[in-house]
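The values are calculated or read from the model by the stated rules, or taken from the named source; none is laboratory data. Since this is a predicted model, take the numbers as computed values, not measurements. Glycine gets a Cβ as well: all are built from the backbone with ideal geometry, and neighbour counts include every protein chain shown.
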């Protein structure tokens, strides 16, 4: 944990919370998405991929809500590779309370790489090499 | 008021509210936007416009927040034409408490019609006729 | 399917979509949440529960994104009981394209009933009876 | 402009954009709100105010949308005091493209200080002193 550089740090504001005064379920997905993009763009040349019409398509999100997070807390978001398959990638993401490092939420995110027609493509060659770079995200 | 058919009726849920337990400022803009689209598509052939690359571009929103709306309330949203100019249209929108008809928020929304290049175009001929149809929105 | 009254019907607008022109992952969770509340309040006296400090706490969401939904589509949201356990309830929710009835997304939502201290409570007696009413949601 | 420390810098992501591929109108209000809270908490002891039941109540937002901001841009948000009146404060906020410093949107935000009953209070004595500290936000 020492010295790890987090890409995504979020101070919880009133507009992140819902009626119960806690971060809303849907908002967590935005926090996870923020860190995914930050990690992807730090490792992969996304512009070249976009020019080729290749997109990341999330097909499953499985998220555990472990702690109710009140306004005023500072959160860290982490992203690690869980598994790289032939046609899909599973990422593990966590939202941590910055001070105590307690896990507020964790999620497995499964995505595929799709071409212009919207169909998932097999990851091979250079594309696979690029995807493998995600493993270089320093584990927490 | 009698018998007016509202296009947009919204029950306020926990996820619409923020830390203070009231509908959040940004969420009101979504409620206004919901009714604008409902009104526009009930009067104008938006698909033909989209096919021509013509879009509605909001250039100013001036919104008064008059009442804090708690979870559980039912809201109505209204849209009237305030002014149709040569290059811009101003709509007046209101969010009302359904039961008391008190105004929770009202707004003036100014938009222009832009072409593919993103530049505002003069409204003339058939386009102006279509825009004029917005006046047929029954006033409240 | 014939004659089933849906509580939640949503016309997909431009502000629901993201950069790819499709409904955003986080927005789906709001659509599911909308129907959960509509179903819960149609069966359960939520105000009495709230007065006792009892809340629904979502602990897991497992959602499959099956179809990319473009702007202009009309969606239906459904909620069925998957399982009522001693300390948790699992709901199955679906988002359907209204016209074709194709499933755009489905999800298992696990929640617990928590008291003022935020701890999950066992569902017994009158509370369990109320929860059992959710089974009366007409299956699709 | 040289050496000014911005509190709020935002990389525009796909989930910030709408159907048109540009940052959505409602999302801009969240960007403004983010910087308001960052500025307020850097100058004012908000926790003490909250303990006294005193809240900031936004009563008007007047926002000009000047440039369509695409995904991938980096934005800066600024907050300056426009006017401190007896019962209300007007802030001027801007969203700038980081590279060119062009103004993408600007807004006047009027808020009042309200007590537990929701009524606006006159700003005097220590409260006024605290509010005056907002002027120390370094102008851009």
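Looking at the range B:5-14 only, could you name the residues that are buried (at least 19 other Cβ atoms within 10 Å of the Cβ) and either in a helix (DSSP H, G or I) or facing another protein chain (nearest Cβ under 7 Å) (or both)?
Of everything in the range B:5-14, just one residue is buried (at least 19 other Cβ atoms within 10 Å of the Cβ) and either in a helix (DSSP H, G or I) or facing another protein chain (nearest Cβ under 7 Å) (or both), namely B:13.
Of the residues that make up the range A:33-44, is at least one over 11 Å from the mean Cα position of the chain (by Cα) and within 14 Å of chain B (Cβ to nearest Cβ)?
So far as the range A:33-44 goes, no, none of its residues is over 11 Å from the mean Cα position of the chain (by Cα) and within 14 Å of chain B (Cβ to nearest Cβ).
Would you check which residues across the range B:15-28 are closer than 13 Å to residue A:23 by Cα and either assigned to a loop (DSSP other than H, G, I, E, B) or touching a residue at least 60 places away in the same chain (Cβ under 8 Å) (or both) and list them?
Answer for the range B:15-28, where residues must be closer than 13 Å to residue A:23 by Cα and either assigned to a loop (DSSP other than H, G, I, E, B) or touching a residue at least 60 places away in the same chain (Cβ under 8 Å) (or both): B:18, B:19, B:20, B:21.
Against the conditions (1) closer than 22 Å to residue B:59 by Cβ; (2) within 14 Å of chain D (Cβ to nearest Cβ), where does residue B:104 fall short? Just the number, please.
(1)
Conditions: (1) surrounded by fewer than 18 Cβ atoms within 10 Å (Cβ to Cβ); (2) within 14 Å of chain D (Cβ to nearest Cβ); (3) touching a strand residue (DSSP E or B) at 6+ places or on another chain (Cβ under 8 Å); (4) at pLDDT below 90. Residue B:121 meets all but one. Number of the miss?
Failed condition: (2).
Taking only the range C:67-101 into account, find how many residues are more than 17 Å from the chain's Cα centre (by Cα) and within 14 Å of chain A (Cβ to nearest Cβ).
Result for the range C:67-101: 4.
When you go through A:82, A:99 one by one, which is the residue that is in a loop (DSSP other than H, G, I, E, B) and surrounded by fewer than 17 Cβ atoms within 10 Å (Cβ to Cβ)?
Within the list A:82, A:99, the selection yields A:99.
Pick from the range A:45-66 the residues that are within 14 Å of chain C (Cβ to nearest Cβ) and loosely packed, with under 15 Cβ neighbours inside 10 Å: which of them is nearest to residue D:41 (Cα to Cα)?
A:47
Yes or no: residue B:107 at pLDDT 85 or above and assigned to a loop (DSSP other than H, G, I, E, B)?
no
Looking at (1) part of a helix (DSSP H, G or I); (2) within 24 Å of residue B:37 (Cβ to Cβ), which is the one condition that is false for residue C:40?
The one condition residue C:40 does not meet is (2).
Looking at the range A:69-77, can you tell me whether even one residue there is over 25 Å from residue D:26 (Cβ atoms), in contact (Cβ under 8 Å) with a residue 60 or more places away in the chain and not in a strand (DSSP E or B)?
Checked the range A:69-77: no residue is over 25 Å from residue D:26 (Cβ atoms), in contact (Cβ under 8 Å) with a residue 60 or more places away in the chain and not in a strand (DSSP E or B).
So which residues in the range A:29-42 are free of Cβ contacts under 8 Å to residues at least 24 places away in the same chain and farther than 17 Å from residue C:29 by Cβ, if there are any at all?
Listed by number, the residues that qualify are A:37, A:41.
Out of (1) in contact (Cβ under 8 Å) with a residue 12 or more places away in the chain; (2) in contact with a strand residue (DSSP E or B) (Cβ under 6 Å, 6 or more places away or on another chain), what's the single condition that is false for residue B:83?
(1)
Could we say that residue A:104 is surrounded by 14 or more Cβ atoms within 10 Å (Cβ to Cβ) and over 27 Å from residue C:69 (Cα atoms) here?
yes
Can you tell me which residue within the range A:15-27, out of those that are at the interface with another protein chain (Cβ under 8 Å from one of its Cβ atoms), in contact with a helix residue (DSSP H, G or I) (Cβ under 7 Å, 6 or more places away or on another chain) and within 19 Å of residue C:117 (Cα to Cα), is modelled with the highest pLDDT?
The extreme case among them is A:24.
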